[in-house]
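The structure under discussion appears below in the form of structure tokens.
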Amino acid sequence: MAEEEELEQGKMPLLDHLIELRQRLIFAIVAWLIIFAPCAYFSRELYDFLARPLAQILAAQSGGHFIYTDLTEKFFTNLRVAFWVSFCLAFPAIAFQVWRFVAPGLYKQERRAFLPYLFATPVLFLLGAALAYYLIFPLAFRFFAGFQEAGGGGTVPIELQPKVSEYLTLVMRLIFAFGFTFQMPVLLTLMARVGMVTAAGLAARRRYAVVVITAVAGVLTPPDIFSMVSLMLPLFLLYEISIVSCRLVEKQRAEREAAEEAELSGKAPGA
């Protein structure tokens, strides 16, 4: 068949595969280093951007500030900021190199099928990260900063003074959690493409999905109903989008199989 011939043409010896892999890794690392340099230079501004949701709340409530208790803590925190930001910015280039390495081993129709997921993955991640930064962070930080106490009358004053490294760990953990959570349509659609799930099965298990989404939202958000609902609603919408996407995948597969059967039946009489 033409597809098998195409795959045979894309085969290469193991040594050539290793050389190709090394080349792609070098390109990916170089792309990351090129982006890392300016991120390291502007690491202070990047940290200020990440700290802004809590800094604004502290300035309005108590005038509190961030602290670091280890001599090298702020330096390594800036490096971590530069590392994670540069990695996120370089991810499209890294994913492109991975794609260039994997694509020759795929059929043409498989390459066309997987390309949309390469574009959808960073977009959905950014949507999840933006939801966390602009909606969840202000609500969560305002809630937790509310436990400060001015003191007096026999009570001990309690002031929030977050450490720069611990704050970065919390923020990056939440950003990545929300970003990866928003990959639901990509994951479920890929599972449908290989036959692990079906659109009918996802629709029939919608009630279980509601329970799982509610539990995930309860774990990832602060303990207030508004923050929880702010994550639940987008996840519900993404689940429904996943069902529609799976239906499209199943429809395309059925059409392809019907075309292959028609082609085989057309060749059978002359065989």
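Packing, taken as the mean count of other beta carbons within 10 Å per residue, orders the peptides 69-76, 120-127 from highest to lowest as 120-127, 69-76.
Listed peptides 243-255, 184-196 appear in the order 184-196, 243-255 once ranked by packing, highest mean of other Cβ atoms within 10 Å at the front.
What Kirkwood hydrodynamic radius, in Å, does the range 130-235 give when the mean of 1/r is taken over all pairs of distinct Cα atoms and then inverted? Can you show the working numbers first?
Details: mean 1/r = 0.0613 Å⁻¹.
For the range 130-235, the Kirkwood estimate is 16.3 Å.
Exposure proxy for Phe141, Phe147: other Cβ atoms within 10 Å of each Cβ, ordered fewest to most, give Phe147, Phe141.
When peptides 202-214, 128-140 are ranked by their average number of other Cβ atoms within 10 Å per residue, the highest-first order is 128-140, 202-214.
Computed from the C-beta positions of Phe49 and Phe96, the FRET efficiency with R₀ = 30 Å rounds to 0.70.
Kindly express, to the nearest 10 degrees and within the range 0 to 90, the angle between helix 43-61's C-alpha long axis and the longest C-alpha principal axis of the chain. It is inclined by approximately 50 degrees. Using alpha carbons only, how many angstrom separate the centre of the range 136-181 from the centre of the range 208-225? That distance is 20 Å. Seen against the Cα atoms of the chain and their longest principal axis, helix 184-193 is set at about 20 degrees. Here the calculated FRET efficiency for Phe226 and Glu250, from their Cβ-Cβ distance with R0 = 35 Å, stands at 0.40, rounded to the nearest 0.05. With q set to 0.23 Å⁻¹, the log10 of I(q)/I(0) for the range 7-125, from the Debye formula over equal scatterers at the Cα positions, is -1.26. In this calculation the C-beta distance from Glu159 to Arg206 is compared with R0 = 45 Å, giving a FRET efficiency of 0.45.
Taking Ala90, Ala51, Ala258 in turn, the Gaussian network model of the chain (Cα-Cα springs below 10 Å) assigns the largest fluctuation to Ala258.
Counting Lys and Arg as +1 and Asp and Glu as -1, each charge on the Cβ, what is the dipole of the range 19-102 about the Cα centre in debye, to the nearest 20? Around 240 debye, computed over the range 19-102.
Using the Cα centre as the reference, give the magnitude of the dipole from point charges on the C-beta atoms of the chain (Lys, Arg: +1; Asp, Glu: -1; all else neutral), rounded to the nearest 20 debye. Mind dumping the intermediate values first?
Numbers: 23 positive and 23 negative charges, 65 e Å.
Result for the chain is approximately 320 debye, rounded to the nearest 20.
Helix 108-131 axis versus longest C-alpha principal axis of the chain: approximately 10°, rounded to the nearest ten. Candidates Ser165, Leu188, Cys88 compared by Cα position along the dipole of the chain: farthest toward the positive end lies Ser165, with charges placed on Cβ.
What is the order of Trp99, Trp84, fewest Cβ neighbours within 10 Å to most?
Values: Trp99 15, Trp84 18.
The order, fewest Cβ neighbours first, is Trp99, Trp84.
Rule-based calculations on the coordinates, nothing more; no lab input. Just so it is clear, the structure is predicted and the values come from calculations on it, not from any experiment. No Cβ is skipped: glycine too gets one built from the backbone with ideal geometry, and neighbour counts run over all protein chains shown.
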